[in-house]
Amino acid sequence: MAVCLRGSSYKANHVPLQNKSITMNNSSSQQQGGHQAPHMKFAALIAWSSALGIVDVVILIGNVLTLIVFSTNKKLLRTRANYFLINLALADMMVGTFAIPMYLYHLIVAWYKGDSVWKQYSYKIYTVVDVFVGCASIFTLTVIALERAFSVCLPHIHRHVKNRVYYMLLGLIWLMSILVSCLRFLYEEQLLSLQFFFYFLLVSFAIALSIICISYVVIWFRMKFRFARRDSIRRSGEQDKRLAVMLFTVTVVFVFTWMPFQIINIVTFFCKPCQKMPNEVAYFTKFLHYGNSCVNPIIYSFLVPEFKRTVIKILRKLRTKKS
């Protein structure tokens, strides 16, 4: 759920303000109307395409490994919060499988054929897919924050929550993502106004970010004053603390890698002169945005000892099979 710049270059000054199409999704900004071919040298195209290609490979390898680790290690699955990490890995897998390849296709074709690529139906499909996977990520992180706050504030009730509640939450995440991507599709088909779609997602993003921030503030206060009281709960408190730190780290990295992209697009939506930014700014923020999908397995390896041990075990088995 992000404001988006067009995949290649952002030159809204060449079209009327009312024709520009800046939309809050994780794709890139587009303008409906007279598009101008991207001013990109061949060397720059190779550099950005190679960088995104490398990120894509890392995303696929890292998140496939994450799914294997969680599916083979039953101990990790005993912590039900990890269900949402599996969900996050699935969303990141979709970024690497669909969003980045589609983005690269339109970036390369735009350099080769010019602006006609932005009018292709395939670009509409890309933006809908990009919105879908982006919403899945941010909704998952929002539910993670709420679940952790609930577990810390009401631990006795949290322990008795049935697994089906978690499955329902997972289903709700994907249902809401489908809903938002359908709104994007309606906008692409000119059945929904840009203003409605933009403000709907702007408000949604603000609410999700507020929930995340408030939840982790509550978690911090509860852990600070609760787990220092009795030795009998100190061990379980330390375990919850490690889990909260890891999930908080995942969320902070997500926010910081997405925020430049969101800020630039929100600013350009309200400020017409600000749209004359260098193309490299759009490319870099998009690269940073997609790069978030490859960092979570690295975070798990550093902050979850059981995850790291399982990864090492899997890699040793692969090495043994090769030899």
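The values are calculated or read from the model by the stated rules, or taken from the named source; none is laboratory data. Computed from a predicted structure; not experimentally measured. Heads up, the Cβs are rebuilt from the backbone with ideal geometry, glycines too, and the neighbour counts pull from every protein chain shown.
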Inter-residue pairs, beta-carbon under 7 Å, first more than 20 Å from Gly291 (Cβ to Cβ) and in region 51-78, second among the polar types (S, T, N, Q) and assigned to a helix (DSSP H, G or I), 6+ apart: Val69/Thr310; Phe70/Asn82; Thr72/Thr310; Asn73/Thr310; Leu76/Asn82
Residue satisfying all of: in region 274-307; touching a residue at least 12 places away in the same chain (Cβ under 8 Å) and farther than 25 Å from Ser49 by Cα; surrounded by the fewest Cβ atoms within 10 Å (Cβ to Cβ) among these: Glu306
Counted residues, region 240-260 - those being in contact (Cβ under 8 Å) with a residue 60 or more places away in the chain, more than 29 Å from Arg159 (Cβ to Cβ) and more than 12 Å from the chain's Cα centre (by Cα): 0
Single match in Arg235, Arg242 (criterion: modelled with pLDDT under 85, of a type outside the set (Ser, Thr, Tyr) and exposed (fewer than 12 other Cβ atoms within 10 Å of the Cβ)): Arg235
Criterion (modelled with pLDDT of 90 or more and farther than 29 Å from Leu77 by Cα) met by exactly one of Leu186, Leu194: Leu186
Residue tally, condition modelled with pLDDT of 90 or more and either charged (D, E, K, R) or more than 19 Å from Met94 (Cα to Cα) (or both), over region 283-298: 3
In region 161-199, residue farthest from Tyr121 (Cα to Cα) [restricted to those that are aromatic (Phe, Trp, Tyr) and out of contact with any strand residue (DSSP E or B) (no Cβ under 8 Å at 6 or more places or on another chain)]: Tyr166
Filter pass, Ile173 being touching a residue at least 60 places away in the same chain (Cβ under 8 Å) and closer than 18 Å to Val252 by Cβ: no
Condition check for Leu85: surrounded by fewer than 19 Cβ atoms within 10 Å (Cβ to Cβ), at pLDDT 90 or above and assigned to a helix (DSSP H, G or I): no
